[in-house]
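Each value in this text was obtained by applying a stated rule to the coordinates, not by laboratory testing. Treat the numbers as computed from the prediction; the structure is a model and nothing was measured. Here the Cβ is made from the backbone with ideal geometry for all residues, glycine too, and neighbour counts use every protein chain on show.
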Amino acid sequence: MALTLPHVLVVAGSDSSGGAGIARDIETIAAFGLRACLAVTAVTVQTHAAVTKVEPCDAGLIEAQMRAALEANRIGAIKIGMLGAAGAVAAVARVLSDHADLPVVLDPVIAASSGKALLADAAIAGLRWDLMPRCALVTPNLPELALLTGCAPARDEAEIGAQAHGLMESGPPALLVKGGHGQGAHAVDFLFRQGLPPVRFEGPRLPGTMRGTGCLLASAIAAGLARGNDLEAGIAAAKTCLAARWEGSKESPTP
């Protein structure tokens, strides 16, 4: 039975610490009983505290990896994380244009948890106008939403909604705006879709000591979509997975 299950294609950067990036993606997808195949976009040198070096992969190599993975396996969904440069954004968009039937979850990784930029400024326009329209779901946090829309970080639900609808003018049919950078004891994520009221996903606010939460959440959603879940069910299951992973991390010396 396991051999008949689809793969999730992960398009993302490596993290030498194992706390985020492809390492976190594969771990998460495996927890959902699926297998991952890979297109590595960059090699990073990281600890749990800082990123010290980033070596982007050639855009042609990224495209070739994606096309080989799609040829080799039955792909149920694609998860995209760190891209790094405008050339990588364009290469990924080219591949997606040939596979419009596959659900794609984009975690728009713009900076590491430590604050180091992981996406060139010149690539942000391509991310918004060329890549996002090809994705089923985009999962920005509040700082990323602000950068993508050219606004100050949203301070309340009304500002979040205004920025989300502004970003959806680029073409993505759905946004999950993550509230982990907000205030209060509870973090609220909002699912925005064209023509539908927003859906709230509320949970306890996780301390900032756990890295790779965005990678985990997007990969879990992609795994759910690959299994045939609808978007709301996939997000709910991913949020449950994230909460369980946080509880487990408190018993481990590593984030």
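Here the scattering of the chain is modelled by Debye summation over its C-alpha atoms, one equal scatterer each and no solvent; at q = 0.08, 0.12 Å⁻¹ the log10 of I(q)/I(0) is -0.27, -0.63. The order of the peptides 49-57, 142-150, 82-90 by mean Cβ neighbours within 10 Å, most packed first, is 82-90, 142-150, 49-57.
The label-point distance for GLU55 and ALA152, in a model that sets each label 7 Å from Cα toward Cβ, rounds to 4.2 nm. By the Kirkwood approach, averaging reciprocal distances over each pair of separate Cα atoms, the range 1-116 gets a hydrodynamic radius of 14.4 Å. Length available on full extension from ALA122 to ASP98: 0.36 nm per residue minus the Cα-Cα distance, which gives 6.2 nm. Protection proxy ranking of 189-202, 33-46, 64-77, by the mean of other Cβ atoms within 10 Å over each peptide's residues and highest first, is 33-46, 64-77, 189-202.
Would you mind putting 123-131, 216-224 in packing order, based on average other-beta-carbon counts within 10 Å, highest first?
On the way: 123-131: 19.4, 216-224: 28.7.
Packing order, densest peptide first, comes out as 216-224, 123-131.
The calculated FRET efficiency for ALA68 paired with SER16, based on their beta-carbon distance and R0 = 25 Å, is about 0.55.
Starting from the Cα gyration tensor of the range 31-71, take the square roots of the eigenvalues, sort them a ≥ b ≥ c, and report rounded, prolate or oblate (rounded when a/c is under 1.5, otherwise prolate if a/b is larger than b/c, else oblate). Taking the square roots of the gyration eigenvalues as a ≥ b ≥ c, the range 31-71 is oblate.
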